[in-house]
Structure formats: structure tokens, C-alpha cells
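Some notes on the structure that comes next.
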Amino acid sequence: MEQRVVNQNEYVQRTLTNKQEFSLKKFFLQWEWLLILVFLLVLAINTHLSPYFLNGAGLRDATMIFLDKAFIVFPMVMIMILRDIDISVGSTVALSSVVMATLYNNLGVPMEAAIIICLLVGALCGLINGLLIIKFKELSAVIVTLGTMILYRGLAYVILEDQASGNFPEWFSFFGWGHVAGIPFILLVFVLFAIGFTLLLHKTTFGRQIFAMGNNPTASRFSGVQVDKIKIIVFVLAGLMAAITAIFLASRMGSTRPNIATNYELDVIAMVALGGISTAGGKGRMLGAIIAIFIIGYLQYGLGLINIASQTMLVIIGILLIVSVVIPKLNLKGIFSRFVKKRNTN
Amino acid sequence: MRRFLSKWAVVGLTVAMLAACGDQKTNQGTETEGGEASSDGGTPKYAMVFKNTGNPYGEKMMDGFQEAIEEVGGEVILRAPDQPTAEGQIQIIEQLITQQVDAIAIAANDQDALEPVLKKAMDQGIKILSVDSAVNANSRLVHVNQADPERIGRSQIEAVSEMINGEGQIAVLSATSQATNQNLWIEWMKKELEEPGYENIELVKVAYGDDLRDKSVSETEALLKSYPDLKAIVAPTTVGIAAAGKVITDKGLNGKVIVTGLGLPSEMASYIESGVSPAMFLWNPIDVGYGAGIASYALVQEEITGKVGESFEAGRLGEKEVVEDGDGTQIMLGDPFRFDAENIDEWKDVY
């Protein structure tokens, strides 16, 4: 009798402390710390391997180059927390930039208006994805966006065939190459979006609802979360950010063509997965994905500086990804104790 | 505990992996340095950027480039993005700029998109030349062209004359009627026909297959119907020559009408082996790469600057001259390469 009371007390205590206690161990066990460590390692090893790596201008320009796809990472984090995926983003980049270039070059639309239409096209692509996914719930997001991936890329080819379209006004090249007080413009925009999306995901009701849906879609629906609306907003954001990428990319190259941004969706998904966002949904943080962008970006840059072949580079990044995704799932303690037991019996 | 262990395992493996990359680098370094003096910035660095990896045509070209640089002395850097896109090439060129290479020879995925980054490279004193697939005139010093249009045109007439023993009717099956390359080559074919020795050869028609397979097939059929005595079809386009080869084979005209022109060895191998096309031409990618390598060297040594009228000694290719090409300049590499029954086996898997 006495014992049971004690147990009950313990139970109550545990639930209370779990809610409030700040655990130092838990804090340092976060995935983001590990990512920062890997990031520092990448920097250290790159510096060791190439005398050119620690070069301010070189690092700045490399950052400019790999940041273009990073914009899509933000909404992709949300999509993957929702247990979905969007593989049409690369094609969305191509379609929206091709529409922008065609409007400006062939239809005499002013560049400013063409940029706005480019954003609208991106948002529309996302909207179509979102609508298809909520209307046909039995279809997985992979299949739906696989379809639109082929469709959007196909449309881009229909519009421009196998041609490039460029001749943008002089000022347009500022997006891709411009600096503000020595800092690349694209980096400033990236930082703004990074802050915005981090706040959106972690400090707003909207963000909490995304996590709720990722953890348990049914429960969140019955709790009054407008699950369909949230899904559509997130997919529209993905389309919109793809259009932002399209603007930066078209500006960087001074032209666009239907095959731009090939495989960008895979790079983006790799960054999100490395960032510790669980594909099972409901888990992950924006910060992790942001660190992952820089890990992959600088790893690629460093390997490029020592002229490793592109195929080898893919292998290395593939291994990094597999290791980071698989290892946390392994039951290392089990393996360890079995190993110890075996040795003891021998 | 389990999560703790697993996370540190990730760190360990990553370290091991990156360390492995380090080993690879040192291997590569010794390989490329060769017997040259030093690697402390004294050895010039020559880079070639191809369209994409895993392209047999590009691999051959890079082999030729490497051969040339080994001949003149220097470090070779061969790069290609894994996708044939301009953005991949921009990324690589940025890395090459940071490494302070001396010259970059590029086979471009886009004529204009590389302009900003190539101009940036030229501003830093890097010599830029395009090869095989040109960049616009603003973003290069010179372009290394596969083959001289005059030789492309004349060689095909020489070959066809030999195949039909200098007598009979021939027809040309071209791409579109506006194709600048093909029109230039056909002009040279006509000039060659005016030379002595070709009096008994009659060019009856120039047909246009528009580089479409079905149109090329129907144009070939029309030629055979209109000119029953036709001895040969010359198709200076890879689509046309393959279509003509197929029609002649299907109609059982092997031996009556022969086919020649410019074709891909991989597509033409069966027709060359069957005798429908005893020989045909295309440039040799190894020579293209070799020429680009020597031209890079000449630019770095300031033997040439890319202006019309300059010339340099291009190793085993002989003396080459810089000539005009639209707004820019180019270097033409001699004769197109001849493929026939004797050498087709070694080339058909190459490109």
C-alpha cells in the first residue's frame, strides 16, 4: 500500500520535471551541434587540402554560387515535416524563368512585370501541386510531384524549345552578381528569408500546426487544424521560392534555357535530410537545414578546388548523406552489448 | 546512451571519409605534376572544362588535351559537371579562378550564359578559349574549331569520286536550307567539283532533310526515284547520312548507290561494315583536344593573343593560323578524320 503511493508520487514528479527541466546533456545532444562540428571539420580539412580555400573572395563567390538553390530548402523543410515531398521544384525553376525570359524578349513585357509574373508562375506551380495532393489523398506526394516535374519541364521545352533566351536589361544582373557593402546581394536576401522562415516555423501558430500535422495528421484534423489549407500554403511557398531561385539563376547566367536547375530538387532534398529533418515527419529544425546548406556547399567547393571528378564528388556527398541518415537509426548500444557478451562467453 | 553513441559514430565516419579524400588528393597531385620542376606556382596550370561527365566524345577530347599539355609541360586539370548545364560549368570556372589557373579551354553548354564568369576570369589574367562548342566572341580570346570548312567540303568530294571511280551522278542530302555550316561546306564541294579530274561527275541536286529523320528518309527516296542512275549520296550531316544509309540498306541498293558524308561512327558502323558507306568523315575528338591544349599553351606564352593573322606551331598538327569567325576569331584544325572498314571497330564505341 505504502509502496503504491510512493510510485504514484514518482510518476507525478517525473511528468512535471520532464516538462520543465533544462537538460544540459539533451541540449548538447541536438543534431545541430553535430552539424556544426561537421561544418567546422569540412572547413578545417578543406583548408588543409587546398591552399586556395581560405581566400575571402573565393569563399564569398563560392557562397554566391551555391546559395541559389538554398532558397527552396526553407519550404522543403516544412513539406518534409508534413511527411510530404516535392520533387517538381527544379522544373518549377525552369518553367518560371523561361516564362519570364519569353515575356520580356518575345512579348515586350517590361522586365519588372516579367519578374512579378515569374513569381506568380512559381506560386501557381506550387498551388497545382498542393491542390492535387489534397484532392487525391490516396496519391502520394512523390507521384503527384513526379507528374508535375515532368509536366513543368515539358512546358518549358514547349515554350523555348532547345534555345536559350537572354538579353536581359543591364540592371537585372545585379541579382546574381551584385554586392551591397561588399556582401553579395544573394547572401543578404538569403539571411532575410532564413530569419523569416525560422520564425514562421518555430514561433508561430502556423509553424506549430505544421509540426502537429507531421506528428499526427488525423489528430490535428480533429483538433481543428485546417490541414488542407496549411498544405496548400506550404506547397505554394515552395513554388514561390523556386521562382526566387529562378530569378537569381537567370540573372547569374544572363539567360535561361529549359534545362536549367536540372536535379536541383535532389540537392535540396539532400540538404534537408542532412539537416536532420525526419522523412517520417514531425521532427526537425530550420537551423539544421541551414547549416546543412553550408556543409554541402563548402564541401563541394573544397572538393572542386582539389579538382576531384564530379562523379567522385557525387559519391562523397552520397556517402555523407547515407551515413548521416542511417547511423542514428542503428541500434548501436544493442550491437555493442552483443559484442561484449560474445567476448565474455568466449 | 544509444543516441549519444550513434551521433559520435557519425562524426567518426565523417572524419574517416574526409581523410580518405585527402589521400586521394595526394595521389592525384603526384600524377599531374609529372616530371615538371615544382608545384609551388612555377608550373603553369591548364584547365579544360567539358560539357558533362561520362561523355565518350568528351573523354577523347580531354585525352588529347592532356597529351598536348604533357608535351609542352604543365599541370593538367580536367573537369566537367555531372549534368550538361551552364550553371554546373559556372561553378567549376569559379573554382578554377580561385586556383589561379593560367588557361581554361571550355566546350560550352550555353553560348552566352558563361559570359559573366568568363569575363571575370579574363579580368584576372586567365586565358580563355572555347573548343568544339563555342562561347560568344566577348567571352573568349579564340575558338578552336573542329575542322576547316574548306577541307570538310573538299574531302567529301575527293572521297566520293574515288568510290564511284570518277564517273556518274551524285546528289547532296543536307540539313536545312539555312544551315550556315552545311551551306558553307556545300559551297566548297561545288568548288572542288570545278577542279580538273571531276569532269564526269554530275551534281544533280541538293536536297534538304532538315536534320529530321523522317524527312531525310523521304528526301532520299525521292532522290532515288527522280534519278534512277544516281551513283552516290553525300550527306554532310549526321542525321542525313544515317537516314540515307538506312534507305539504301532497306531497298537492297547496296552496291548500286553508295553513301558518304559526315556521320557518327557509332551510328554508321553497321553501314560501313556492310559496304553501303565505304567511308565517311568526322573530326577526331583527340585532335580537337590536342589542338586546344597547344593553343592554350600558345596563349599563356603570349605567342598568340587571339588576333586574326597570328600563327603558331601546333605540335603534330603543324602550323595553325588564327582566322576570322563572325565577331571573333578561331583556329581551324586541318582535315576531317576518315572512318572506313579498317578503323571503324575502334571508333564505333567511342562516339
* To do: Just give me the residues in the stretch A:81-108 being over 17 Å from residue A:241 (Cβ atoms), part of a loop (DSSP other than H, G, I, E, B) and touching a residue at least 24 places away in the same chain (Cβ under 8 Å), in sequence order.
  => A:83
* Scan the stretch B:70-98 for residues that are closer than 19 Å to residue B:140 by Cβ and touching a residue at least 40 places away in the same chain (Cβ under 8 Å) and jot them down. => B:77, B:89, B:92, B:93, B:96
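Okay, residues lined up against (1) of a type in the set (Val, Ile, Thr); (2) crowded, with 21+ Cβ neighbours inside 10 Å; (3) on the phi > 0 side of the Ramachandran plot:
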| position | (1), (2), (3) |
| --- | --- |
| B:118 | no, yes, no |
| B:121 | no, yes, no |
| B:130 | no, yes, no |
| B:143 | no, yes, no |
| B:152 | yes, yes, no |
| B:169 | no, no, no |
| B:176 | yes, no, no |
| B:182 | no, yes, no |
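This table checks each residue for (1) over 21 Å from residue B:135 (Cβ atoms); (2) buried (at least 19 other Cβ atoms within 10 Å of the Cβ); (3) assigned by TED's automatic domain parsing to the domain that holds residue B:104.
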position: B:264; (1), (2), (3): yes, yes, no
position: B:289; (1), (2), (3): no, yes, yes
position: B:298; (1), (2), (3): no, yes, yes
position: B:305; (1), (2), (3): no, no, yes
position: B:309; (1), (2), (3): yes, no, yes
position: B:313; (1), (2), (3): yes, no, yes
position: B:319; (1), (2), (3): yes, no, yes
position: B:326; (1), (2), (3): no, no, yes
* Just to be sure, is residue B:334 under 30 Å from residue B:227 (Cβ atoms), modelled with pLDDT under 90 and part of a loop (DSSP other than H, G, I, E, B)? -> no
* If the Cβ limit is 7 Å and pairs must be 6+ apart or interchain, which residue in the stretch A:119-142 that is buried (at least 19 other Cβ atoms within 10 Å of the Cβ) pairs with which residue that is of a type in the set (Lys, Arg)? -> A:130/A:231; A:133/A:231
* Kindly indicate whether residue A:236 is more than 14 Å from every other protein chain (Cβ to nearest Cβ), touching a Leu at 6+ places or on another chain (Cβ under 7 Å) and at pLDDT 95 or above. => yes
* So, of the residues in the stretch A:209-234 that are within 14 Å of residue A:283 (Cα to Cα) and under 21 Å from the mean Cα position of the chain (by Cα), which turns out to be surrounded by the fewest Cβ atoms within 10 Å (Cβ to Cβ)? -> A:215
* Taking the stated definitions as given, is residue A:281 within 14 Å of another protein chain (Cβ to nearest Cβ), surrounded by fewer than 24 Cβ atoms within 10 Å (Cβ to Cβ), at positive phi and not charged (D, E, K, R)? -> no
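Looking at the stretch B:41-63, can you tell me whether even one residue there is at pLDDT below 55, surrounded by fewer than 22 Cβ atoms within 10 Å (Cβ to Cβ) and either touching an Asp or Glu at 6+ places or on another chain (Cβ under 7 Å) or within 10 Å of chain A (Cβ to nearest Cβ) (or both)?
Checked the stretch B:41-63: at least one residue is at pLDDT below 55, surrounded by fewer than 22 Cβ atoms within 10 Å (Cβ to Cβ) and either touching an Asp or Glu at 6+ places or on another chain (Cβ under 7 Å) or within 10 Å of chain A (Cβ to nearest Cβ) (or both).
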* Structure fact -> Among residues of the stretch B:73-91 being more than 18 Å from residue B:134 (Cβ to Cβ) and among the hydrophobic types (A, V, I, L, M, F, W, C), the residue nearest to the other protein chains (Cβ to nearest Cβ) is B:77
* Structure fact -> Over the stretch A:312-328, the set of residues at pLDDT below 85, at the interface with chain B (Cβ under 8 Å from one of its Cβ atoms) and out of contact with any Leu (no Cβ under 9 Å at 6 or more places or on another chain) is A:328
* Asked: So which residues in the stretch A:148-162 are over 8 Å from residue A:258 (Cα atoms) and over 28 Å from the mean Cα position of the chain (by Cα)?
  -> A:158, A:159
* Could we say that residue B:295 is farther than 19 Å from residue B:347 by Cβ, in contact with a helix residue (DSSP H, G or I) (Cβ under 6 Å, 6 or more places away or on another chain), at pLDDT 90 or above and hydrophobic (A, V, I, L, M, F, W, C) here? -> no
* Answer yes if at least one residue in the stretch A:59-67 is assigned to a helix (DSSP H, G or I), surrounded by 24 or more Cβ atoms within 10 Å (Cβ to Cβ) and of a type in the set (D, E, K, R), and no otherwise. => no
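Quick check on the stretch A:138-152. Is at least one of its residues within 30 Å of residue B:136 (Cβ to Cβ), part of a helix (DSSP H, G or I) and out of contact with any Gly (no Cβ under 8 Å at 6 or more places or on another chain)?
yes
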* Asked: What single numbered condition from (1) more than 8 Å from every other protein chain (Cβ to nearest Cβ); (2) modelled with pLDDT under 90; (3) out of contact with any Pro (no Cβ under 9 Å at 6 or more places or on another chain) fails to hold for residue B:140?
  -> (2)
* Can you give me the number of residues within the stretch B:100-109 that are crowded, with 22+ Cβ neighbours inside 10 Å and within 14 Å of another protein chain (Cβ to nearest Cβ)? => 4
* **Candidates B:153, B:245, filtered to the one that is under 28 Å from residue B:65 (Cβ atoms) and not in a loop (DSSP other than H, G, I, E, B)** => B:153
* Structure fact -> Picking from B:69, B:97, the residue that is more than 18 Å from residue A:252 (Cα to Cα) and either surrounded by 24 or more Cβ atoms within 10 Å (Cβ to Cβ) or modelled with pLDDT of 85 or more (or both) would be B:69
* To do: Please indicate, with yes or no, whether at least one residue in the stretch A:256-268 is in contact with a helix residue (DSSP H, G or I) (Cβ under 7 Å, 6 or more places away or on another chain), away from chain B (no Cβ under 12 Å), surrounded by 24 or more Cβ atoms within 10 Å (Cβ to Cβ) and within 30 Å of residue A:174 (Cβ to Cβ).
  => yes
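The values are calculated or read from the model by the stated rules, or taken from the named source; none is laboratory data. Since this is a predicted model, take the numbers as computed values, not measurements. Note: ideal-geometry Cβ built from the backbone for every residue, glycine included; neighbour counts use all protein chains shown.
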